[in-house]
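The values are calculated or read from the model by the stated rules, or taken from the named source; none is laboratory data. Fair warning: this is a prediction, and the values are worked out from it, not measured in the lab. Neighbour counts are summed over all protein chains in view; Cβ atoms, including those assigned to glycine, are modelled from backbone coordinates with ideal geometry.
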Amino acid sequence: MSRSYDRALTVFSPDGHLFQVRRICLEAVRKGTCAVGVRGKDVVVLVLRRNLRKVVMLDDHICLAFAGLTADGRVLIDRARTGMSKPSLTVEDPVTVEYITRHSYTQSGGVRPFGISTLIVGFDPHDTRPRLYQTEPSGIYSAWKNHKDDMTREESVKLTIKSLLEVVQTGAKNIEISVMESYGKITTLELAEIEAIVTEIEREKEAEAERKRSRLAATAAGQAAMSQRVGESSGQ
């Protein structure tokens, strides 16, 4: 009976953790698809592996990508779309990205937490600034700012691909990139454009590796020369 506290769906353990979040949901997210989002000056970019169908449009101005249990993702997407329609019918104005993020809760009393994390991107009505939010299985959500204030579309796309390649061994053919540039305008990059960016990133990595090898060789040569002079001084 000492472990009876973990038999129900939403009972907290004595140390304050909810086992369903800590052991099941977060593990499902960790084993799920890697998705990367980057917010630029006037664009927001989502990238993940191709053909996984884990990027969906919630509305004309809001897009969502998720990692974790696909079935849970479908339920949360349907709930988010339903939640968006109610205020639109009431006030006749599209909801903001933060509004739908706050209402796309992944944990509530009496039910199992959703085993997904999401990236929610888009543009608010009558606002040209992009938005990027992240939700977690615990119910926490956070907003992300620009990597730098004046980051262009090209820089944002390149940084997004570079970040994905840091954690996932994949090629250009397996990468899907969605770019939202303004309210209601989202595009998917063609394979040729992705391949060109991946090739550029690989060239930069090779150049950086060559510079590192040159620095190490110069350091080793300097240390050898110093050791030789010390030996000659000792011999004298």
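Residue 113 meets each of the listed conditions (1) of a type outside the set (D, E, K, R); (2) over 20 Å from residue 97 (Cβ atoms); (3) surrounded by fewer than 20 Cβ atoms within 10 Å (Cβ to Cβ); (4) modelled with pLDDT under 90 apart from (3). For the criterion of being modelled with pLDDT of 80 or more, in contact with a Cys (Cβ under 7 Å, 6 or more places away or on another chain) and either crowded, with 21+ Cβ neighbours inside 10 Å or part of a loop (DSSP other than H, G, I, E, B) (or both), residue 48 passes. Scanning the range 192-212 for residues that are under 14 Å from residue 166 (Cβ atoms) and hydrophobic (A, V, I, L, M, F, W, C) turns up 198, 201. Taking the range 145-183, which residues are among the basic types (Lys, Arg) and touching a helix residue (DSSP H, G or I) at 6+ places or on another chain (Cβ under 6 Å)? Once the filter is applied, which keeps residues that are among the basic types (Lys, Arg) and touching a helix residue (DSSP H, G or I) at 6+ places or on another chain (Cβ under 6 Å), the range 145-183 yields 158, 162.
Yes/no matrix, rows are residues, columns are (1) modelled with pLDDT under 85; (2) under 17 Å from the mean Cα position of the chain (by Cα); (3) under 18 Å from residue 65 (Cα atoms):
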residue	(1), (2), (3)
97	no, yes, yes
118	no, yes, yes
123	no, no, yes
129	no, no, no
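Contact annotation: residue pairs with Cβ atoms under 8 Å, 6 or more positions apart or on different chains, pairing a residue in the range 142-166 that is part of a loop (DSSP other than H, G, I, E, B) with a partner that is at pLDDT below 90 and among the basic types (Lys, Arg), are 146/41; 149/41; 150/41; 151/41; 152/41. Filtered by the rule that a residue be assigned to a strand (DSSP E or B), in contact (Cβ under 8 Å) with a residue 40 or more places away in the chain and surrounded by fewer than 17 Cβ atoms within 10 Å (Cβ to Cβ), the range 182-206 gives a lone residue, 182. When residue 99 is tested against (1) touching a residue at least 40 places away in the same chain (Cβ under 8 Å); (2) aromatic (Phe, Trp, Tyr); (3) farther than 19 Å from residue 55 by Cβ, just one condition goes unmet, and that condition is (1). Restricting attention to the range 167-181 and to residues that are touching a residue at least 40 places away in the same chain (Cβ under 8 Å) and assigned to a helix (DSSP H, G or I), the residue that is farthest from the chain's Cα centre (by Cα) turns out to be 173.
Filtered by the rule that a residue be touching a residue at least 40 places away in the same chain (Cβ under 8 Å) and more than 22 Å from residue 98 (Cα to Cα), the range 53-72 gives a lone residue, 69.
Residue-level analysis places residue 81 among those that are basic (Lys, Arg) and either buried (at least 22 other Cβ atoms within 10 Å of the Cβ) or at pLDDT 80 or above (or both). One residue stands out among those in the range 142-181 that are of a type in the set (Asp, Glu) and more than 30 Å from residue 103 (Cβ to Cβ): the one that is surrounded by the most Cβ atoms within 10 Å (Cβ to Cβ), which is 155.
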